[in-house]
Amino acid sequence: MPTPQTVPSRAELFDHLVRTRIAGVVATPRQNSLDHYRELAHGDRSYWLGVELGDRWKDEQDVLAVMAERCGVSDDPALRTGQDTIDPELTIAALERAASFLRKAAEARQRVLFATGHPGGLLDVHRATAAALRAAGCEIVSVPGVPRADEGAVYQVADVAVFERGATLWHTHSPAPMAAVLDALAREGRPLPDLVVADHGWAGCAAQYGIDTVGFADCNDPALFLAEAEGLLRVAVPLDDHVVDPRFYEPMTAYLLDAAGVRAV
């Protein structure tokens, strides 16, 4: 049984985020972020993460403006080199907004579904959050059977839905695995989750289905921030979603759970 992480103060978390490059100057190249903003604006649905954006974000400068406001990247379109940035103050503020949804879920003993397209980075963030909500009385939604999607299958690892193909857990942006899970629940006559905590296409798809959704998103994944700006996604937490050591996320997770008023287990 892991030892619960000491809860950092807000100032300590700020310093930790910057030091570990979860926020601040992150590993994502600036050009990569701008390329993704352009592809999204030009209608490449692989960058929409399951969110139906229609024609509302056809100007990449509008996308950049939202990313500057909600993620903390530079709003200068001429800045195309070096590493991108995430404002740690925005990360912490989003964690605090996310915590309010976790608190509500715990108080109402809601049905909550966890999922990740970043099993190498964020799996333990979701696992620890799921364990805390389960201990608080929430129902952690189980995936019915083994839904198929994208030539692979959805499994649950420590209460977190993940995508598996070829005996390997995959990094995926696709919304198809989440759609397969939600459709499987409907076929069995089971209610949809009250809350989804996820990332990538798992989060975008759940939000598009009309489910309250908290999503973690990197600075080169603009769709979730656009969905938040439109009121479709409840919270988009900006962070580097795959830092060199997944244990770096532990203080962040401890802060999130403490703010939600649930006990880490």
Residue list for the stretch 183-216, filter: buried (at least 24 other Cβ atoms within 10 Å of the Cβ) and closer than 18 Å to Glu52 by Cβ: Val196, Ala198, His200, Gly201, Trp202, Ala203, Gly204, Cys205, Ala206, Ala207, Thr213, Gly215
Condition met for Asp183 (in a helix (DSSP H, G or I), over 13 Å from the mean Cα position of the chain (by Cα) and either of a type in the set (Asp, Glu) or more than 20 Å from Arg234 (Cβ to Cβ) (or both)): yes
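Yes/no matrix, rows are residues, columns are (1) of a type in the set (Phe, Trp, Tyr); (2) surrounded by 13 or more Cβ atoms within 10 Å (Cβ to Cβ); (3) out of contact with any strand residue (DSSP E or B) (no Cβ under 6 Å at 6 or more places or on another chain):
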{"position": "Thr6", "(1), (2), (3)": "no, no, yes"}
{"position": "Ile22", "(1), (2), (3)": "no, yes, yes"}
{"position": "Val25", "(1), (2), (3)": "no, yes, no"}
{"position": "Pro29", "(1), (2), (3)": "no, yes, yes"}
{"position": "Asn32", "(1), (2), (3)": "no, yes, yes"}
{"position": "Leu49", "(1), (2), (3)": "no, yes, yes"}
{"position": "Gly54", "(1), (2), (3)": "no, no, yes"}
{"position": "Lys58", "(1), (2), (3)": "no, yes, yes"}
Residue, nearest to Arg247 (Cα to Cα), within the stretch 133-143, restricted to residues that are of a type outside the set (Val, Ile, Thr) and buried (at least 22 other Cβ atoms within 10 Å of the Cβ): Leu133
Check on Arg56, over 30 Å from Tyr209 (Cβ atoms), of a type in the set (Lys, Arg) and either touching a Leu at 6+ places or on another chain (Cβ under 9 Å) or modelled with pLDDT under 95 (or both): no
Yes/no for Val146 being without any contact (Cβ under 8 Å) to a residue 40 or more places away in the chain and surrounded by fewer than 21 Cβ atoms within 10 Å (Cβ to Cβ): yes
Among the candidates Val143, Val73, Val154, Val112, residue that is touching a helix residue (DSSP H, G or I) at 6+ places or on another chain (Cβ under 6 Å), over 30 Å from Arg38 (Cβ atoms), in a loop (DSSP other than H, G, I, E, B) and β-branched (Val, Ile, Thr): Val143
Residue count for the stretch 157-171, restricted to those that are assigned to a strand (DSSP E or B) and either among the aliphatic types (A, V, I, L, M) or touching a residue at least 24 places away in the same chain (Cβ under 8 Å) (or both): 6
Filter result (outside any helix (DSSP H, G or I), free of Cβ contacts under 8 Å to residues at least 12 places away in the same chain and of a type in the set (Asp, Glu)) within the stretch 3-58: Asp44, Asp55
Set Leu239, Leu256, Leu226: member being closer than 24 Å to Phe14 by Cβ, among the aliphatic types (A, V, I, L, M) and in contact with a Phe, Trp or Tyr (Cβ under 8 Å, 6 or more places away or on another chain): Leu239
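The values are calculated or read from the model by the stated rules, or taken from the named source; none is laboratory data. Bear in mind the structure is a predicted one, so any value in this text is a computation, not a measurement. Positions of Cβ are backbone-derived with ideal geometry, glycine not excepted, and every protein chain shown enters the neighbour counts.
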